[in-house]
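To keep things clear, I will list the structure first and then write my remarks on it.
The values are calculated or read from the model by the stated rules, or taken from the named source; none is laboratory data. What you are looking at is a predicted structure, and each value in this text was computed from that prediction instead of being measured. Every residue, glycine among them, receives a Cβ derived from its backbone with ideal geometry; neighbour counts consider all protein chains shown.
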Amino acid sequence: MYEQLPKGILKELQEKVPKSERGHKTARLHQLLTNDIGNPHLSAQLNQVITLFQLSDNMKHMWDQFEKLQSRQSGQMELPFDFDNKGRTIEKKYNSNEHPEFDTSLKKALAYDAND
């Protein structure tokens, strides 16, 4: 949750958390959030996760959606490729039966003669 807060806030929270003589944290991170920045951002993050829970069919679906949300927020989109165990992309075999309209249109376009 805290990783989604504005840049630098998590690090600052971790530095400000009071510690006991044994080095254990004596407060929780949310207790140090400010009302103007930290609390609204944390509330928004929690609301997004709650919404994902409510819309998901099961836990796997929820976590898949959560990972997608995180990647979109960071500007990174996962490409829909399959990979083998060496990390190379697996080329899918093209099945012309799946897209007959496309094949027909493509053949027609490729056969076009501008001189006719």
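Out of region 96-113, which residues are surrounded by fewer than 10 Cβ atoms within 10 Å (Cβ to Cβ) and within 30 Å of ASP64 (Cα to Cα)?
Matches in region 96-113: GLU98 only.
Pairs only if they're at least six apart or on different chains, beta carbon under 9 angstrom, first in region 92-116 and at negative phi, second among the charged types (D, E, K, R); list them, first residue then second.
Matching pairs, first to second residue: LYS92/ASP82; SER96/ASP103.
Any chance you could count how many residues in region 70-102 are among the aliphatic types (A, V, I, L, M) and modelled with pLDDT under 80?
Result for region 70-102: 2.
Sort out which residues of region 56-95 are of a type in the set (Gly, Ala, Ser) and surrounded by 10 or more Cβ atoms within 10 Å (Cβ to Cβ), and write them in order of number.
SER56, SER71, SER74
Looking only at region 50-103, which residues are basic (Lys, Arg) and under 24 Å from LYS7 (Cβ atoms)?
Within region 50-103, LYS68, ARG72 qualify.
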